[in-house]
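Undergrad: One structure follows; several queries about it will come next.
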Amino acid sequence: MDIKNVKITEMEFEGIDTKDYPDFCDVFCSDCLIDGTQATDEQLEDLNDNHWCYVYEVFMEEMHNHVLTD
């Protein structure tokens, strides 16, 4: 999957361990929409295995936004 050519939204994350801050090395995307359609297991596996930097970046943005709004 070329993530530059798809719209990934509503990402949900698992593997969050606050003791692992700030690395969160076990975080992964457990669910999302790709171009408005529920991601398949294969797409999630590809996203987490081949685009882990993107997943981590989105996770950190979500964490940052959550901390600032609470």
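Undergrad: Could you give the alpha-carbon Rg of the chain over 2.2 N^0.38 Å, rounded to two decimals?
TA: Values: Rg = 12.2 Å, N = 70, 2.2 N^0.38 = 11.1 Å.
Dividing the Cα radius of gyration by 2.2 N^0.38 Å gives 1.11.
Undergrad: Calculate how steeply helix 52-69 sits against the longest principal axis of the alpha-carbon atoms of the chain, using the helix alpha-carbon long axis, and give the answer as 0 to 90 degrees to the nearest 10.
TA: Around 50 degrees separate the two axes.
Undergrad: Please give the per residue accessible area of the chain, computed with a probe of 1.4 Å over protein heavy atoms only, in Å².
TA: About 73 Å² of surface per residue is accessible.
Undergrad: With +1 on each Lys and Arg Cβ and -1 on each Asp and Glu Cβ, and nothing else charged, work out how big the dipole of the chain is about its Cα centre, in Debye to the nearest 20.
TA: In debye, rounded to 20, the chain gives about 260.
Undergrad: Can you pull the one-decimal nm distance between simple spin-label points at V6 and Q38, each 7 Å off the Cα toward Cβ?
TA: 1.6 nm
Undergrad: Short version: ³J(HN,Hα) in whole Hz for each residue of segment 26-34, in order, from phi by Karplus 6.51 cos²θ - 1.76 cosθ + 1.60 (θ = phi - 60°), x for Gly and Pro, what are they?
TA: The phi angles translate into 9, 5, 8, 7, 9, 6, 5, 10, 10 Hz.
Undergrad: Probe radius 1.4 Å, ligands and nucleic acids ignored: give me the carbon and sulfur share of the accessible area of the chain as a rounded percent.
TA: Using a 1.4 Å probe with all protein chains present, the chain comes out at 49 percent carbon and sulfur.
Undergrad: Also: Considering Cα pairs under 8 angstrom that are at least six residues apart, work out the relative contact order of the chain and quote it in whole percent. Display every interim value, and only then the final one.
TA: Numbers: 70 pairs, mean separation 19.6, N = 70.
Contact order relative to length: 28 percent.
Undergrad: Would you calculate a helix-derived [θ] at 222 nm for the chain, using -39,500 (n - 2.57) for each DSSP H run of n ≥ 4 and dividing by the full residue count, to the nearest 500?
TA: -13000 deg cm²/dmol
Undergrad: How about the chain: which trypsin sites (Lys or Arg not before Pro) there are in a DSSP loop, with at most 16 other Cβ atoms within 10 Å of their Cβ?
TA: On the way: sites: K4, K7, K19; in loops: K7.
Filter output for the chain: K7.
Undergrad: Nearest 10 degrees is fine. How inclined is helix 41-50 to the longest principal axis of the chain, computing both from alpha carbons?
TA: Approximately 60 degrees, to the nearest 10.
The values are calculated or read from the model by the stated rules, or taken from the named source; none is laboratory data. All values reported here derive from a predicted model rather than from experimental measurement. Reconstructed Cβ throughout: ideal geometry from the backbone, glycine too, with neighbour counts over all protein chains shown. For the accessible areas, the whole protein counts, side chains as well, though only heavy atoms, and no ligand, DNA or RNA atoms are used. Shrake-Rupley method; radii C 1.70, N 1.55, O 1.52, S 1.80 Å.
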